[in-house]
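The values are calculated or read from the model by the stated rules, or taken from the named source; none is laboratory data. Note that the coordinates shown come from a computational prediction; the quantities given were computed from them, not determined experimentally. Note that we place each Cβ from the backbone using ideal geometry, even for glycine, and neighbour counts take in every protein chain shown.
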Amino acid sequence: MKKISYSAPAKVILTGEHAVVYGKPALVSALDKRLTVSVAEGRGQHNDVNIPEIISVIKKYLQVNKHPITEKKSDVVISSDIPIGRGLGSSGALSVASSAALIEFFTGRQFTPEEINNCAYQVEKIFHKNASGVDPTTSCFGGLIFYRKEFEFLKTFSSLHIKIPKKIAENLLLIDSGKPSESTLEMVQMVGDLYNKKVSFTEKALLQIEKITKRMVVSLIKEDKEFFKQTIIDNEKLLETIGVVSQSTKNLFKTLKPFGVGKITGGGGRKTGSGFTLFYTDRKSDMESYLKKRKINYLLFTSSFEGVKKII
């Protein structure tokens, strides 16, 4: 049997991280960084320790949904240009690309993006037990996604058929504040602990984040970069309020204030770094020079409207 390969993109949460775990919406964009999973019949050799568990989850998903499978050993190879553990959805892309490739490997047919996404959501739980599903959904469908998980059985999303306006997108950077000491799972648990201890305080912050998410959508539709910048400022303040931004990341934003405004994206981090941050600047060339001089790692923001795709 010939090799089967699928790739899936990274993602960046523009606004709504953590709030999305509690039924609030998130606005997310796929990025042009991709992860590829290749599968071939073999001796059960894998280049990632998570593959056996991923295979088990996918087989269970197929069996529960009464899809006949052919039992055979697989050799699985993962390759990726998505930074790991930095809030850009590497596990979501892995969940999607592995689901697509292994589903075809075990059933002999290609599934729809909707079916791949349903399976990938189950795989994502390996990495994030209280997964919202926003990462695999964005990775599966690509583009700009407005996502909400009401219940475990009710997840809704809209593919927004708009692009981030050029005058906003061309001024966005993804700046690495450092790898967090905590995993996304641990950060979600921290917010969960805060919610249990201070219900009204946390719920108020999450409701404010929901308002900001809706405001950001409006800012994109109106192509209003000043409004967009304000949503970033407001969102970051609230994320700091719920304790998911490290002091070193706060200091980084203070240092970069002459160039623009930023917020964390993804789970964040409390002790050391907070992963990649989303940063808007009206002084892009000056800022790039500064980042290079200070040896601060960054990526240009380039969205992708291409979701999961078959390569071979």
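Looking only at region 1-30, filter to residues that are of a type outside the set (Phe, Trp, Tyr) and in contact with a Lys or Arg (Cβ under 6 Å, 6 or more places away or on another chain); which one of those is surrounded by the most Cβ atoms within 10 Å (Cβ to Cβ)?
Of all residues in region 1-30, those of a type outside the set (Phe, Trp, Tyr) come to 1-5, 7-21, 23-30.
Subset that is in contact with a Lys or Arg (Cβ under 6 Å, 6 or more places away or on another chain): 7, 9-10, 25, 28, 30.
Values: SER7: 23, PRO9: 31, ALA10: 29, PRO25: 23, VAL28: 29, ALA30: 26.
Here the answer is PRO9.
Those residues that are of a type in the set (Gly, Ala, Ser) and free of Cβ contacts under 8 Å to residues at least 24 places away in the same chain, I need them from region 93-120; list them, please. Show your work before the answer.
As a first pass, look at region 93-120 and keep what is of a type in the set (Gly, Ala, Ser): 93, 95, 97-101, 108, 120.
Answer for region 93-120, where residues must be of a type in the set (Gly, Ala, Ser) and free of Cβ contacts under 8 Å to residues at least 24 places away in the same chain: there is none.
If you scan region 214-267, which residues turn out to be among the hydroxyl-bearing types (Ser, Thr, Tyr) and within 17 Å of TYR280 (Cβ to Cβ)?
In the first step, residues of region 214-267 are kept if they are among the hydroxyl-bearing types (Ser, Thr, Tyr); the result is 219, 231, 241, 246, 248-249, 255, 265.
Once the filter is applied, which keeps residues that are among the hydroxyl-bearing types (Ser, Thr, Tyr) and within 17 Å of TYR280 (Cβ to Cβ), region 214-267 yields SER219, THR231, THR249, THR255, THR265.
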Next item on the list: Might you let me know whether region 78-98 holds any residue that is buried (at least 23 other Cβ atoms within 10 Å of the Cβ) and more than 17 Å from the chain's Cα centre (by Cα)?
Entry: no
Check: On the given criteria, is LYS197 farther than 30 Å from GLU114 by Cα and charged (D, E, K, R)?
Finding: yes
Notebook entry, point to check: Residue check: is GLU186 at pLDDT below 95, among the charged types (D, E, K, R) and assigned to a strand (DSSP E or B)?
Noted result: no
Margin query: Conditions first: (1) part of a helix (DSSP H, G or I); (2) modelled with pLDDT of 95 or more. ILE175 passes all but one, so which condition is the exception?
Written below: (1)
Margin query: Between LYS198, LYS225, LYS214, LYS229, which is modelled with pLDDT of 95 or more, surrounded by fewer than 14 Cβ atoms within 10 Å (Cβ to Cβ) and either out of contact with any Leu (no Cβ under 8 Å at 6 or more places or on another chain) or assigned by TED's automatic domain parsing to the domain that holds GLY269 (or both)?
Written below: LYS198
Checklist line | Subset of region 53-75 (residues that are at pLDDT below 95 and either assigned to a strand (DSSP E or B) or among the aromatic types (Phe, Trp, Tyr) (or both)) | finding: SER74, ASP75
Item checked: Subset of region 130-158 that is surrounded by fewer than 16 Cβ atoms within 10 Å (Cβ to Cβ) and not charged (D, E, K, R) - its residue that is nearest to GLU17 (Cα to Cα) -> ASN130
Notebook entry, point to check: Any residue at all in region 278-297 that is closer than 12 Å to SER177 by Cβ, touching a Gly at 6+ places or on another chain (Cβ under 7 Å) and not assigned by TED's automatic domain parsing to the domain that holds LEU88?
Noted result: yes
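Of the residues ILE209, ILE145, which single one is under 15 Å from ILE13 (Cβ atoms) and in contact with a His (Cβ under 8 Å, 6 or more places away or on another chain)?
Values: ILE145 fails: in contact with a His (Cβ under 8 Å, 6 or more places away or on another chain).
Going through ILE209, ILE145 in turn, just one is under 15 Å from ILE13 (Cβ atoms) and in contact with a His (Cβ under 8 Å, 6 or more places away or on another chain): ILE209.
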Item checked: Every pair of residues 6+ apart whose Cβ atoms lie under 8 Å, when the first sits in region 55-78 and is over 11 Å from ILE103 (Cα atoms) and assigned by TED's automatic domain parsing to the domain that holds GLN110 while the second is surrounded by fewer than 16 Cβ atoms within 10 Å (Cβ to Cβ) and acidic (Asp, Glu) -> LYS72/GLU41; LYS73/GLU41; SER74/GLU41; ASP75/GLU41; VAL76/ASP48; ILE78/ASP48
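Each row is one residue, and each column tells you yes or no for (1) closer than 26 Å to GLY262 by Cα; (2) outside any helix (DSSP H, G or I).
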{"position": "ILE116", "(1), (2)": "no, no"}
{"position": "TYR121", "(1), (2)": "no, no"}
{"position": "PRO136", "(1), (2)": "yes, no"}
{"position": "ILE162", "(1), (2)": "yes, yes"}
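Can you pull out the residues in region 76-109 that are among the aliphatic types (A, V, I, L, M) and in a helix (DSSP H, G or I)?
Within region 76-109, the first condition is being among the aliphatic types (A, V, I, L, M), and the residues that meet it are 76-78, 82, 84, 88, 93-94, 96-97, 100-103.
Scanning region 76-109 gives ALA93, LEU94, VAL96, ALA97, ALA100, ALA101, LEU102, ILE103.
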Margin query: I want to confirm something. Restricting to region 1-41 and keeping residues that are hydroxyl-bearing (Ser, Thr, Tyr) and in a strand (DSSP E or B), which single residue is nearest to PHE111 (Cα to Cα)?
Written below: TYR6
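I'd like the full set of residues that are touching a Gly at 6+ places or on another chain (Cβ under 6 Å) and under 20 Å from LYS198 (Cα atoms), limited to region 221-250. Steps first, please.
Of region 221-250, the ones touching a Gly at 6+ places or on another chain (Cβ under 6 Å) are 244-246.
Across region 221-250, the qualifying residues are VAL244, VAL245.
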